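The values are calculated or read from the model by the stated rules, or taken from the named source; none is laboratory data. It should be emphasised that the depicted structure is a prediction, and the values quoted were computed from it without experimental measurement. Note that each Cβ is placed from the backbone with ideal geometry, even for glycine, and that neighbours are counted across all protein chains shown. Protein only, heavy atoms only, side chains kept; ligands, DNA and RNA dropped before computing areas. Shrake-Rupley method; radii C 1.70, N 1.55, O 1.52, S 1.80 Å.
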2 protein chains.
Amino acid sequence: MNILIIGAGGVGRSAAMIIKQAGAEGSWAEKLVLADYNLQRAEEAAALCGGTTRFIPEKVDARDSAGISGIIKKHTIHFVMNAVEPSYNETIFDACLQNKVGYLDCAMTLSRPHPTDPYHKVNVKLGDYQFAKHDDWVKAGCTAIAGSGVEPGMVDCFVRFAKERLFDTIDEVNIRDGDNYTGGGFGFSVWTTIEECLNPPIIWEKGKGWFTTERFSEPEIFNFPGGIGDVEVVNVEHEEVILVPRVIDCNRVTFKYGVPKAFRDLLLNLESVGMADKEKTLELGGAAITPRDFLVRVIPNPIESSSAMEGKGCAGAWIRGVKNGKRRSVYLYQVSDNQDCVKKYTTNSVVAQTAVGPVIMMELIARGIWDLKGVYGPESFDPFPFIERLAKYGFPAGIREMDSEYSKSLDENNLLELISRGGKE
Amino acid sequence: MNILIIGAGGVGRSAAMIIKQAGAEGSWAEKLVLADYNLQRAEEAAALCGGTTRFIPEKVDARDSAGISGIIKKHTIHFVMNAVEPSYNETIFDACLQNKVGYLDCAMTLSRPHPTDPYHKVNVKLGDYQFAKHDDWVKAGCTAIAGSGVEPGMVDCFVRFAKERLFDTIDEVNIRDGDNYTGGGFGFSVWTTIEECLNPPIIWEKGKGWFTTERFSEPEIFNFPGGIGDVEVVNVEHEEVILVPRVIDCNRVTFKYGVPKAFRDLLLNLESVGMADKEKTLELGGAAITPRDFLVRVIPNPIESSSAMEGKGCAGAWIRGVKNGKRRSVYLYQVSDNQDCVKKYTTNSVVAQTAVGPVIMMELIARGIWDLKGVYGPESFDPFPFIERLAKYGFPAGIREMDSEYSKSLDENNLLELISRGGKE
């Protein structure tokens with residue numbers, strides 16, 4: 001399979017390095033074109049992968065459909081990994097459909113808040129644009145995976161696994177993300193962090209559907225595995241809340257993330273002075289720029305600034321329900337150490353965790369193991385081969401029984417062991 | 001006297017309106033040229049003053065010495081009021097000396113922090129550039145007043161008054177500024193607010209001289225008159241700490257301002273992401289802009305946004321010392337109501353309070369009452385005629401005895417009454 005990665009920033013570069021480092025296991029990816037609006041960045045990423053003819057740098061403007069099509073044709077691309085900010089999704093997604101090649105992204109098309117009641121009601125939701133085109137993708141015989149990174153992505157596979165093996169009925173699916181990094185600030189795309197943290201958080205409940213809340217609502221202390229421990233997590237807008245209830249029968253879906261209080265205040269402060277604005281443009285020397293885009297240029301590169309941090313990050317799905325007539329509460333997760341990821345992939349753990357999901361999903365599609373045609377979230381596919389490969393690629397998943405009589409036998413087991421036993425206790 | 005006001009923003013416009021509204025009392029100002037880089041703003045300010053031939057709009061670039069000289073010559077200007085951000089002071093100050101006309105400003109030339117120990121040691125101080133040219137001004141036979149607004153400015157006259165009438169010896173001079181505005185945010189020049197709040201605060205002590213501290217250090221609850229009540233005030237860099245000990249014999253001089261905790265965090269947050277930077281420039285469409293200048297363009301006009309606020313602002317000098325062998329503690333102040341100022345001067349109370357000082361000082365110079373030649377702070381001049389005129393121009397000063405046996409007879413008296421009695425208790 002020939003792959004085009006659009007965006008040679010942290011996620012795109014890490015994906016290429018994960019494939020490179022997989023050696024023979026990565027041979028399903030025959031050619032990898034690394035495209036970026038900054039050609040030098042694409043060349044550097046290709047050089048990090050050994051500078052062979054397999055990893056090819058290209059210059060691309062993610063807003064230029066014709067340019068994307070040109071690269072797809074030039075390199076006989078079969079599958080496109082979108083590793084740029086989600087504001088560019090529509091163009092890339094549509095270019096893939098037009099060229100009848102596969103597509104995946106790490107964040108879905110953007111939401112638009114409700115015009116009069118943004119903190120109670122939804123309006124345009126994350127991914128609405130993409131799922132509305134499902135039939136066109138079916139007709140084209142192509143696969144698009146919306147939300148293929150770590151969150152959304154990896155955790156959606158965890159939820160599907162839980163439904164298949166760990167529960168008879170599921171009550172709540174609560175995605176929980178936390179870390180014990182020293183220092184703070186932006187560790188991920190500045191643009192996307194502002195977007196997800198300042199949009200109204202979304203919750204889904206059976207009977208009520210999707211609704212929104214105040215920013216950073218319902219703070220909760222969640223105990224994370226891997227030595228991270230207690231972290232205060234709060235509601236944040238995230239794709240899993242859209243994706244999970246489309247496929248998994250349950251009563252409630254939430255997403256909470258360990259946004260430190262000081263960082264919440266920083267984001268709200270930036271919003272209060274107008275610097276988070278992504279719509280309004282200011283004219284400067286004949287050019288126009290939004291305050292948020294200016295801010296992205298001023299803030300130190302988050303990948304570089306987070307490379308010095310010590311600590312671990314954990315992404316996971318906390319699922320509560322019933323198994324064999326008994327209440328059960330399980331957290332399925334992936335913990336990565338920041339310094340390990342910096343050494344292996346020249347980027348922080350959040351970025352590396354985000355990059356491994358798309359790599360595995362593209363392998364499963366390349367090998368014909370995942371073969372649904374249309375637009376899907378990761379929970380629509382078989383989770384077992386995905387979870388198996390997580391360990392192979394260096395990101396092993398874990399399972400923690402949260403309470404009940406299950407807790408003694410399986411506390412913080414490697415999820416692979418559980419799968420090898422057929423997911424039975 | 002013919003006056004050129006450079007800057008037709010809040011302070012410049014208010015100064016013109018104060019003169020206009022003084023009627024016959026303001027006849028000492030024969031011609032007022034209102035100059036701004038935005039000619040429309042100058043024209044609007046002139047129109048607010050009645051659109052007569054006495055108030056004349058002009059376009060000026062405060063960085064363009066030749067342009068300033070041109071206007072001075074064209075209109076036979078005798079005195080220049082600098083009402084723009086202090087980063088332009090050098091150019092305007094030097095142009096005035098060159099043309100042998102008078103000068104005053106509301107904020108002095110900027111400081112530069114100590115390169116290695118910024119929170120303990122001073123380096124270039126506020127106004128150093130200006131006072132270094134004192135001899136040139138003496139030689140030219142011209143008057144320059146550094147820091148003529150409310151703080152510095154009005155409060156420096158209060159300190160001189162206290163020295164002349166209320167104390168035999170002064171121990172401490174503590175400038176204290178607070179308000180009970182509803183809402184918060186920027187109520188004054190965004191650029192200047194960032195500058196004064198994020199620079200290391202300065203303190204003066206006898207024997208030790210000037211030194212600096214951490215930002216927002218030594219929080220203290222100060223009880224303000226006029227119904228404002230208790231406000232937490234913190235150390236902020238300000239000109240009075242430079243000006244007062246040059247003229248007034250005392251042991252310690254401080255400046256504290258009621259910067260709300262949330263606003264301090266906002267400023268520190270803006271600094272942490274690089275948006276307070278005034279040195280580094282980013283290239284955009286062929287133009288270069290500093291993050292702080294970009295921020296100034298993004299933040300809503302502080303004058304407009306503060307016009308809806310209810311509440312009062314108080315500026316004053318809290319002086320402690322000894323009189324007739326007894327310990328004495330006095331707060332001399334001016335309280336202004338925000339909505340009153342919006343109605344009278346189309347601007348908030350802080351801006352209006354800042355504008356009245358320069359107007360009175362120019363009158364005193366025009367009438368020959370203040371006639372020192374050289375570069376001086378306001379405490380070098382006779383404070384009585386200044387304080388008398390404060391009431392005439394609608395900004396009456398008050399006095400509060402802070403403790404001791406003085407408190408019963410004089411609590412919150414109008415300062416004018418005290419003056420009429422010769423300042424005797």
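Counting only residues that are of a type in the set (Phe, Trp, Tyr) and within 14 Å of another protein chain (Cβ to nearest Cβ), which one in segment B:241-295 is surrounded by the fewest Cβ atoms within 10 Å (Cβ to Cβ)?
The selected residue is B:Phe263.
Quick one: would you say B:Asn301 is more than 26 Å from B:Arg400 (Cα to Cα), crowded, with 19+ Cβ neighbours inside 10 Å and within 14 Å of chain A (Cβ to nearest Cβ)?
The answer is no for B:Asn301.
Hey, can you tell me all the residues within segment B:219-240 that are open to solvent by 10 Å² or more (accessible area, probe 1.4 Å) and assigned to a strand (DSSP E or B)?
Within segment B:219-240, B:Glu220, B:Ile221, B:Asn223, B:Gly229, B:Asp230, B:Val231, B:Glu232 meet the criteria.
Can you name the condition, by its number, that A:Phe188 falls short on among (1) in a strand (DSSP E or B); (2) touching a residue at least 40 places away in the same chain (Cβ under 8 Å); (3) closer than 25 Å to A:Ala276 by Cβ?
Checking A:Phe188 against (1) in a strand (DSSP E or B); (2) touching a residue at least 40 places away in the same chain (Cβ under 8 Å); (3) closer than 25 Å to A:Ala276 by Cβ, the one that fails is (1).
Looking at this structure, is A:Val80 at pLDDT below 95, in contact with a Gly (Cβ under 8 Å, 6 or more places away or on another chain) and within 20 Å of A:Ala146 (Cβ to Cβ)?
no
So which residues in segment A:305-320 are more than 14 Å from chain B (Cβ to nearest Cβ) and either among the β-branched types (Val, Ile, Thr) or open to solvent by 10 Å² or more (accessible area, probe 1.4 Å) (or both), if there are any at all?
Passing the criteria: A:Ser307, A:Ala308, A:Met309, A:Glu310, A:Gly311, A:Lys312, A:Trp318, A:Ile319, A:Arg320.
Restricting to segment B:62-77, name every residue that is open to solvent by 30 Å² or more (accessible area, probe 1.4 Å) and assigned to a helix (DSSP H, G or I).
Across segment B:62-77, the qualifying residues are B:Ser65, B:Ala66, B:Gly70, B:Lys73, B:Lys74.
Going by the structure shown, is A:Arg41 among the charged types (D, E, K, R), crowded, with 20+ Cβ neighbours inside 10 Å and within 28 Å of A:Gly394 (Cα to Cα)?
Spelling it out, it is not the case that A:Arg41 is among the charged types (D, E, K, R), crowded, with 20+ Cβ neighbours inside 10 Å and within 28 Å of A:Gly394 (Cα to Cα).
For every residue, the table says whether it meets (1) among the β-branched types (Val, Ile, Thr); (2) more than 14 Å from A:Met275 (Cα to Cα); (3) in the same structural domain as B:Phe224 (by TED's automatic domain parsing).
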{"site": "B:Val253", "(1), (2), (3)": "yes, yes, yes"}
{"site": "B:Tyr257", "(1), (2), (3)": "no, yes, yes"}
{"site": "B:Lys261", "(1), (2), (3)": "no, yes, yes"}
{"site": "B:Leu270", "(1), (2), (3)": "no, no, yes"}
{"site": "B:Gly274", "(1), (2), (3)": "no, no, yes"}
{"site": "B:Thr281", "(1), (2), (3)": "yes, yes, yes"}
{"site": "B:Gly286", "(1), (2), (3)": "no, yes, yes"}
{"site": "B:Arg292", "(1), (2), (3)": "no, no, yes"}
{"site": "B:Ile299", "(1), (2), (3)": "yes, no, yes"}
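Only residues in segment A:141-154 that are among the acidic types (Asp, Glu) count as the first member; pair them with residues that are part of a loop (DSSP other than H, G, I, E, B), Cβ under 7 angstrom, at least 6 apart or cross-chain, and list the lot.
Going by the 7 Å Cβ cut-off, the qualifying pairs are A:Glu151/A:His238.
Just give me the residues in segment A:350-406 being crowded, with 24+ Cβ neighbours inside 10 Å and either of a type in the set (S, T, N, Q) or without any contact (Cβ under 8 Å) to a residue 12 or more places away in the chain (or both), in sequence order.
A:Gln353, A:Thr354
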